[in-house]
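Colleague: I'd like to ask some things about the structure below.
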Amino acid sequence: MKLIEGKKIAEEILSEMTGEVNKIRSSGERVPHLAAILVGNDGASETYVNGKVKACERVGFHSTLIRLPETLSEKELLEEVGKLNRDERIDGFIVQLPLPGHISQQNIIEAISPLKDVDGFHPANLGRMVLDMPTYLPATPYGILQLLERYEIETNGRHCVVVGRSHIVGSPISILMARNAYPGNCTVTLAHSKTENLREITSAADILIVALGKANFITSDMVKEGAVVIDVGITRLPSALSKNGYKLFGDVKFDEVAPKCSYITPVPGGVGPMTIVSLMKNTLKSYFSGISKNRA
Ligand code: GUN
């Protein structure tokens, strides 16, 4: 069994990017600029956004964090999005999800200029992804592709089973793993909460990608000997043993599944760190010429 060390790969890629940004700075050009809008005070969202700001500092990007109150109206948030769309100093921006219940996430995502949508969530960018056109790939699926590539994992002709059909992970990664590319060319099965005989299906996977958000859901009897297992889940559960009072768990019961795998991602330190790297890569792509010239 080989551990897919996302944290280590993320560090390597961020170091490479730091070199690129240093070159930009020493040539006297402005550096790439990522902005993030954070509405309200949700603890997990704060942690994620802080991680993104820190990554900007690490690679030398300029970053702007816009904190807005929970009570903000949808119209006011749309105005903020409009300002960032028009601001020529900003290469890309994200609106951290989830948003408060009175604001339509879809309306906000659709208001972001597809040229600055470095999360890759805009319908125009997801459509471009489906059609194999240059686009910003959604961060987590993009991170998974980079891990498969860095570990030179064979995907051609393999059976890839994706568990979970979220718009952010399950649905896009199922499309990406089937496209005519490397990583890709898989025969893909997309399983979800209504799937019957789930164990039979996951046990047939050469590559199993799990993005359900249910701690320890995948047990060893659901995994084929020699499979590649990518665990996207990250659930905080209370733990008296840890200093901060909680422990992080993936969707895969790591201790019993790992011995059966050819490769497996740990949680934490697997897919998570790659998500931020992907956001940085999309921002750099936007800086250089956006999605109009580059291929995904
Ligand atoms: N909330 C959880 N994951 C993400 C993400 O990748 N982007 C944004 N904007 N919000 C999120």
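Matching residues to (1) modelled with pLDDT of 95 or more; (2) part of a helix (DSSP H, G or I); (3) crowded, with 17+ Cβ neighbours inside 10 Å; (4) touching a strand residue (DSSP E or B) at 6+ places or on another chain (Cβ under 8 Å):
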{"site": "K7", "(1), (2), (3), (4)": "yes, yes, no, no"}
{"site": "E12", "(1), (2), (3), (4)": "yes, yes, no, no"}
{"site": "E16", "(1), (2), (3), (4)": "yes, yes, no, no"}
{"site": "G19", "(1), (2), (3), (4)": "yes, yes, no, no"}
{"site": "G28", "(1), (2), (3), (4)": "yes, no, no, no"}
{"site": "A36", "(1), (2), (3), (4)": "yes, no, yes, yes"}
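Colleague: Please find, within the stretch 65-88, the residue that is nearest to the ligand (Cβ to nearest atom) out of those that are open to solvent by 90 Å² or more (accessible area, probe 1.4 Å) and under 14 Å from A36 (Cα atoms).
Modeller: Here the answer is R67.
Per-residue answers, yes or no, for (1) under 23 Å from L131 (Cα atoms); (2) over 20 Å from the mean Cα position of the chain (by Cα):
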| position | (1), (2) |
| --- | --- |
| S174 | yes, no |
| Y182 | yes, no |
| N185 | yes, yes |
| V188 | yes, no |
| E200 | no, yes |
| S203 | no, yes |
| G213 | no, no |
| N216 | no, yes |
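Colleague: Which condition number does N282 fail, the rest of (1) open to solvent by less than 50 Å² (accessible area, probe 1.4 Å); (2) over 30 Å from E88 (Cβ atoms); (3) touching a strand residue (DSSP E or B) at 6+ places or on another chain (Cβ under 8 Å) being met?
Modeller: So N282 meets the others, but not (2).
Colleague: Here is a further query. Is it true that some residue in the stretch 224-233 is more than 16 Å from the ligand (Cβ to nearest atom), open to solvent by 40 Å² or more (accessible area, probe 1.4 Å), on the phi > 0 side of the Ramachandran plot and of a type outside the set (G, A, S)?
Modeller: Looking through the stretch 224-233, none of the residues is more than 16 Å from the ligand (Cβ to nearest atom), open to solvent by 40 Å² or more (accessible area, probe 1.4 Å), on the phi > 0 side of the Ramachandran plot and of a type outside the set (G, A, S).
Colleague: Given the structure, is A205 in contact with a His (Cβ under 7 Å, 6 or more places away or on another chain) and either part of a loop (DSSP other than H, G, I, E, B) or β-branched (V, I, T) (or both)?
Modeller: Judged against the criteria, A205 is a match.
Colleague: From the set of residues in the stretch 35-60 that are more than 19 Å from the chain's Cα centre (by Cα) and away from the ligand (no atom under 14 Å from the Cβ), which is farthest from E20 (Cα to Cα)?
Modeller: The extreme case among them is N41.
Colleague: Quick one: in the stretch 105-142, of everything that is out of contact with any Leu (no Cβ under 8 Å at 6 or more places or on another chain) and among the acidic types (D, E), which residue is farthest from the ligand (Cβ to nearest atom)?
Modeller: Here the answer is D132.
Colleague: Please work out if S239 is farther than 19 Å from C261 by Cβ, touching a Cys at 6+ places or on another chain (Cβ under 9 Å) and open to solvent by less than 40 Å² (accessible area, probe 1.4 Å). Give the steps one after another, and end with the answer.
Modeller: Numbers: farther than 19 Å from C261 by Cβ: yes; touching a Cys at 6+ places or on another chain (Cβ under 9 Å): no; open to solvent by less than 40 Å² (accessible area, probe 1.4 Å): yes.
Taking the combined requirement at face value, the residue does not satisfy it.
Colleague: Same structure, new question: Quick one: how many residues across the stretch 152-170 are within 14 Å of the ligand (Cβ to nearest atom) and open to solvent by 10 Å² or more (accessible area, probe 1.4 Å)? Spell out the reasoning first.
Modeller: In the first step, residues of the stretch 152-170 are kept if they are within 14 Å of the ligand (Cβ to nearest atom); the result is 164, 166-170.
After this cut, where a residue has to be open to solvent by 10 Å² or more (accessible area, probe 1.4 Å) as well, the list is 166-169.
Residues meeting the conditions: 4.
Colleague: Here's a follow-up. For the condition over 30 Å from V257 (Cα atoms) and modelled with pLDDT under 95, what is the one hit in G43, G82, G60, G92? Full working, then the answer.
Modeller: Values: G82 fails: modelled with pLDDT under 95; G60 fails: modelled with pLDDT under 95; G92 fails: modelled with pLDDT under 95.
The unique qualifying residue is G43.
Colleague: While we're looking at this one, here's another question. Tell me yes or no: at least one residue of the stretch 95-109 is within 30 Å of E20 (Cα to Cα), open to solvent by less than 30 Å² (accessible area, probe 1.4 Å) and in contact with a strand residue (DSSP E or B) (Cβ under 7 Å, 6 or more places away or on another chain).
Modeller: Yes, there is a match, as at least one residue in the stretch 95-109 is within 30 Å of E20 (Cα to Cα), open to solvent by less than 30 Å² (accessible area, probe 1.4 Å) and in contact with a strand residue (DSSP E or B) (Cβ under 7 Å, 6 or more places away or on another chain).
Colleague: Looking at the stretch 278-296, which of its residues are at pLDDT 95 or above and more than 24 Å from N180 (Cα to Cα)?
Modeller: Answer for the stretch 278-296, where residues must be at pLDDT 95 or above and more than 24 Å from N180 (Cα to Cα): M280, T283, L284, S286, Y287.
Colleague: Taking interchain pairs and intrachain pairs at least six residues apart, which have beta carbon atoms under 8 angstrom, with the first residue in the stretch 248-275 and within 15 Å of the ligand (Cβ to nearest atom) and the second open to solvent by less than 10 Å² (accessible area, probe 1.4 Å) and of a type in the set (K, R)?
Modeller: none
The values are calculated or read from the model by the stated rules, or taken from the named source; none is laboratory data. All figures in this text were calculated on a predicted structure; none of them were measured in a lab. Positions of Cβ are backbone-derived with ideal geometry, glycine not excepted, and every protein chain shown enters the neighbour counts. Side chains are part of the model used for accessible areas, which takes the heavy atoms of the whole protein and leaves out ligands, DNA and RNA. Shrake-Rupley method; radii C 1.70, N 1.55, O 1.52, S 1.80 Å.
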